[in-house]
């Protein structure tokens, strides 16, 4: 007859079925399945960016654009800070949420290029797939990306409302397309979307209040920084115009860009710029140069990202 020693606590725990084991195994299987299903998505996004670059280059007069670009190094330093302000602020946000590594900055740059060259919010779709394929960083990225995007829109709406109230007397005297009916309709839409988001915030947002406050502060800081930097860039190109006049113009540009029912926003802004600063300044050439420079940088960044993807895949093969 074989006598067996009574089970100890350690052996009992080891023999007991693990409660978390099946759940962890299922999550791992889901992650592997997701990676297999979305393996070609990075290639698709890279191909779309490459297509966008080709299409934009076909419609650009590169010689004319390069002739207008300033040669001053200080201009490009400020330009780079202004261009990277958006991805940098988002990297800080997601670094707090997910401990996003530095390589995530390239993903945020690709997100920016997708939105600017292809289609708005397509960049968010790309960034979601990028984060979803990295389960070690976050298992559920959708809620955070959703909250960050909604708060970005709400911060822009809030700044727009404040600017609209502060600049209403000036807007009423500018007859370049800013009709009161269109402005009021735009104001109603901005108010309605913000009020709906606030009314259903407990159902819409998945992050805690402290984190949401931090994200909102980052968005507000980005908006203020890019507005001020735009004014500084314009002043560096046309130093004869006082920087406070450019700051007012940058504020007006931000306001016009946020109003949804103002047609031909670029034409309206050009008219506002001429009305505000006078016909003697070369406003049209300046705005054309800035728009072309921003587009050119989008193209170069997009091309660099596509080439880096191709090289990385070639090394893996």
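The values are calculated or read from the model by the stated rules, or taken from the named source; none is laboratory data. Remember, predicted model here, so these are calculated numbers, not experimental data. Ideal geometry is used to build each Cβ from the backbone, glycine not excepted, and the neighbour counts take in all protein chains shown.
Are any residues in the stretch 226-244 over 21 Å from the mean Cα position of the chain (by Cα), crowded, with 17+ Cβ neighbours inside 10 Å and without any contact (Cβ under 8 Å) to a residue 60 or more places away in the chain, and if so, which ones?
Once the filter is applied, which keeps residues that are over 21 Å from the mean Cα position of the chain (by Cα), crowded, with 17+ Cβ neighbours inside 10 Å and without any contact (Cβ under 8 Å) to a residue 60 or more places away in the chain, the stretch 226-244 yields 234, 235, 241.
Just name the residue that is modelled with the lowest pLDDT out of those in the stretch 69-91 that are part of a helix (DSSP H, G or I) and surrounded by fewer than 15 Cβ atoms within 10 Å (Cβ to Cβ).
Out of the qualifying residues, it is 73.
Go through the residues of the stretch 272-282 one by one and say whether even a single one is within 30 Å of residue 192 (Cα to Cα) and at pLDDT below 80.
Within the stretch 272-282 (the criterion being within 30 Å of residue 192 (Cα to Cα) and at pLDDT below 80), the answer is yes, since at least one residue qualifies.
Of all residues in the stretch 287-317, count the ones that are loosely packed, with under 13 Cβ neighbours inside 10 Å, at pLDDT 80 or above and closer than 29 Å to residue 72 by Cα.
Going through the stretch 287-317 one residue at a time, the tally reaches 2.
Any residue at all in the stretch 199-222 that is surrounded by fewer than 17 Cβ atoms within 10 Å (Cβ to Cβ), part of a loop (DSSP other than H, G, I, E, B) and without any contact (Cβ under 8 Å) to a residue 60 or more places away in the chain?
yes
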